[in-house]
1. Mean separation of Cα pairs under 8 Å and 6+ residues apart, divided by the residue count of the chain: what relative contact order is that in percent?
2. Could you name the lysines whose alpha carbon sits less than 19 Å from that of Lys33, not counting residues in the same chain fewer than 8 places away?
3. Per residue, how large is the accessible surface of the chain? Use a 1.4 angstrom probe and give square angstrom.
4. Any idea which of Ile12, Tyr63, Tyr108 is furthest toward the positive side of the dipole for the chain, if Lys and Arg beta-carbons carry +1 and Asp and Glu beta-carbons -1?
5. Quick one: if you stick a label point 7 Å off each Cα along the C-beta vector at Asp125 and Asp59, how many nm between them?
6. Within the chain, what's the longest run with no trypsin sites (Lys or Arg not before Pro) in a DSSP loop and at most 11 other beta-carbon atoms within 10 Å? Give the range, please.
7. Longest segment of the chain with no chymotrypsin sites (Phe, Trp or Tyr not before Pro) in a DSSP loop having at most 15 other Cβ atoms within 10 Å?
8. Treat every Asp and Glu Cβ in the chain as -1 and every Lys and Arg Cβ as +1, leave all other atoms uncharged, and give the resulting dipole magnitude about the Cα centre to the nearest 20 debye.
Amino acid sequence: MDEQYQELLRCIESLDARERIQELGGDVLDRIKNRFVLGNPRVWWLSFRFPPKEYHYDDDYQYKRISCFLNNEDFCYFIAELDVTHIFKARVADVVFIIGECSFFEYYVVSMDLKKLICETEHGDFLKITI
């Protein structure tokens, strides 16, 4: 188990939100990938099926802007690109907290209806796709 994944799990435990945050299997991940990504790129944002809108901010807190596009109380899919890609179902507010508490990793946040995808790249780019 890689260190970043362990850190992510510790953060979830510290939230005392285990009942609200559920790790999911690869079938959901595959469905999301097929909806938003072409082919099998090293990282998804290299080959999005739809052109993303790019947002630029003058700080390192792009993840805090997730709440500008998705309601904090809504559930979403949270995809963490670590050594192995992990997917969780969680509330948007919990996802924002987790990202802020962990060491940086690339992530994707997807609405439950699969109509919105938000991500932050290793370059600090904040991207959003709305279908």
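The values are calculated or read from the model by the stated rules, or taken from the named source; none is laboratory data. A quick note: this is a predicted structure, and the numbers were derived from the prediction, not measured. Cβ atoms come from the backbone with ideal geometry, glycine included; neighbour counts cover every protein chain shown. When the accessible area is computed, the model is the full protein with side chains, heavy atoms only, and any ligands, DNA or RNA have been set aside. Shrake-Rupley method; radii C 1.70, N 1.55, O 1.52, S 1.80 Å.
1. Reported as a whole number, the value is 28 percent.
2. Result set, ordered by chain and number: Lys53, Lys89, Lys115, Lys116, Lys128.
3. 53 Å²
4. The Cα lying farthest towards the positive end belongs to Tyr108.
5. Label-label distance for Asp125 and Asp59, simple model: 2.3 nm.
6. Answer from the scan: 43-114.
7. 1-56
8. With only Lys, Arg, Asp and Glu charged at Cβ, the dipole is about 740 debye.
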